[in-house]
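See below for the structure under consideration.
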Amino acid sequence: MLIAIQGEPGSFSHEAALLADAQATLLPCALSADAFGAVVRSAADAAMIPIENSLAGSVVEHYDLLLAHDVAVESEWLVRIRHNLIGMPGTELSRIRTAYSHPVALAQCRRFFAQHPGITASASYDTAGSVKQLMELRDPSIAGVASAQAAKQYGGEILVSGVEDNPENYTRFFLIRRRGEVEPQPESNKVSLAFSVENRPGSLVEALEVFAGLGTNLTRLESRPVPGRPWEYVFYADYQLSRPQAAEEALRMLSGHCSMVRELGRYRAA
C-alpha cells in the first residue's frame with residue numbers, strides 16, 4: 001500500500017504503517033489535512049493517523065478531519081511510544097548540549113532533562129524530523145528525541161534509549177481509507193461514530209441510553225465544537241460491540257434522538 005502519514009519517515013506513524021503493511025510505501029505530508037486529502041484524491045491508498053495517546057490524550061484535529069472527509073476507519077493499531085536520545089554516530093552523551101523534538105515528546109521526557117541539566121530541550125516540528133535535521137547539520141553537540149525507526153532511517157546513533165518518563169506510553173492509530181472502499185469485517189468488535197443532539201434537557205442522556213440498552217461498552221466519549229456554530233457540539237464515541245447486529249441497531253436508534261449521526265468506522269479493536 002501507499003500510506004500517507006503526517007511528518008517525516010521514521011516517525012511513530014511510520015512504525016504504525018509498517019505494522020499494517022510491512023512492505024508499505026510512505027507518502028510523507030507536512031500537515032494532517034494533506035494526508036487526509038491524499039486519500040480522498042486517491043493520491044494514496046490509505047493514511048495512518050494518530051488518534052489518541054495514553055498520556056497526552058486525543059489528537060482533536062484528527063477527529064474533526066475524520067468528520068470533514070469522506071473516509072472511514074478500516075483498522076486500529078497500538079504503538080508503544082519509546083523515546084530515544086539520538087545523535088551523530090560516534091558522539092558521546094557528554095557532548096550533547098541541545099536536544100530537539102516535537103513539544104509533546106519533550107514533555108514526556110521531563111525526568112531525563114532534569115537529570116541532565118546540561119542538555120537544553122528545544123521544540124521542533126517533528127520527532128523524526130529532528131533526527132533528519134541533526135544528520136544534515138552534522139553537529140555533534142545536538143541530538144533528537146525520536147523513535148528507533150528514526151535512527152535507522154537517517155543513520156543516527158541511539159545514545160540513550162527509553163528516555164520517556166512513563167513506560168505505559170501508547171498511541172492509538174487509525175488506518176483510514178476512502179469510505180466506499182471500506183467494508184466491515186466479520187471480526188469487527190468496535191465502532192467509532194460521531195453524533196449531535198438537540199439543545200434541550202435530557203437529549204444527551206437519551207442518546208447514551210441507546211448504548212446501555214444494547215449492552216455495548218462505551219469506551220470513549222468526547223465533545224468538539226462545531227466550526228462556525230458557537231456553543232454547538234459534536235460528540236465522538238467509541239464503543240465495543242456486544243454482537244455484530246448492535247452496530248446497525250445503534251445507528252437506527254440514535255437517529256431517533258440525534259440531529260446528526262455518522263459511523264466513522266467498524267473494526268477490530270487493537
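Quick note: the coordinates plus some simple rules give every number you see, no bench work behind them. Since this is a predicted model, take the numbers as computed values, not measurements. Backbone-built Cβ (ideal geometry, glycine too); neighbour counts: all protein chains shown.
Data table
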{"read-out": "Computed over region 84-161: relative contact order in percent, which uses C-alpha pairs under 8 Å that are six or more apart", "value": "49"}
{"read-out": "Value of [θ]222 nm, deg cm²/dmol, for the chain, DSSP H segments ≥ 4, -39500 (n - 2.57) each, nearest 500", "value": "-8000 deg cm²/dmol"}
{"read-out": "Total charge dipole magnitude, the chain, about the Cα centre, Cβ charges on Lys, Arg, Asp, Glu only, Debye to nearest 20", "value": "340"}
{"read-out": "Length gained when the stretch L31-D70 is fully extended (0.36 nm per residue, less Cα-Cα span)", "value": "12.3 nm"}
{"read-out": "Long-range HN-HN contacts of E164 with modeled amide H, under 5 Å", "value": "H83"}
{"read-out": "Most mobile of K190, K152, K132 in a GNM of the chain (Cα contacts under 10 Å)", "value": "K152"}
{"read-out": "Ascending count of other beta-carbon atoms within 10 Å, so fewest first, for S94, S11, S242", "value": "S94, S242, S11"}
{"read-out": "Karplus 3J(HN,Hα) series, Hz, for region 123-135 with 6.51 cos²θ - 1.76 cosθ + 1.60 (x for Gly, Pro)", "value": "6, 9, 6, 6, 5, 5, x, 5, 6, 4, 5, 5, 6"}
{"read-out": "For the chain, built as a Gaussian network whose Cα springs stay under 10 Å, the top-fluctuating residue of Q108, Q240, Q185", "value": "Q185"}
{"read-out": "Long-range amide H partners of E74 with built H, under 5 Å", "value": "L175, I176, R177"}
{"read-out": "Local electrostatic count at Y267 - Lys and Arg +1, Asp and Glu -1, tallied over other residues with Cβ under 15 Å", "value": "-1"}
{"read-out": "Residue-wise HN-Hα coupling along region 41-57, computed from phi with Karplus coefficients 6.51, -1.76, 1.60 (Hz; x: Gly, Pro)", "value": "7, 6, 7, 9, 6, 7, 9, 10, 10, x, 10, 7, 10, 5, 9, 8, x"}
{"read-out": "Exposure proxy order (Cβ contacts within 10 Å, fewest to most) of H83, H257", "value": "H257, H83"}
{"read-out": "For region 183-191, 3J(HN,Hα) per residue [Karplus equation, 6.51 cos²θ - 1.76 cosθ + 1.60, θ = phi - 60°, Hz, x = Gly/Pro]", "value": "10, x, 8, x, 7, 4, 9, 8, 9"}
{"read-out": "Fewest-first sequence of V60, V73, V131 by Cβ atoms within 10 Å of each Cβ", "value": "V60, V73, V131"}
{"read-out": "C-alpha center-to-center spacing [region 206-264, region 60-94] in angstrom", "value": "27"}
{"read-out": "Relative contact order [Cα under 8 Å, 6+ residues apart], region 190-267, whole percent", "value": "49"}
{"read-out": "Relative contact order, percent, the chain [alpha-carbon distance under 8 Å, six or more residues apart]", "value": "23"}
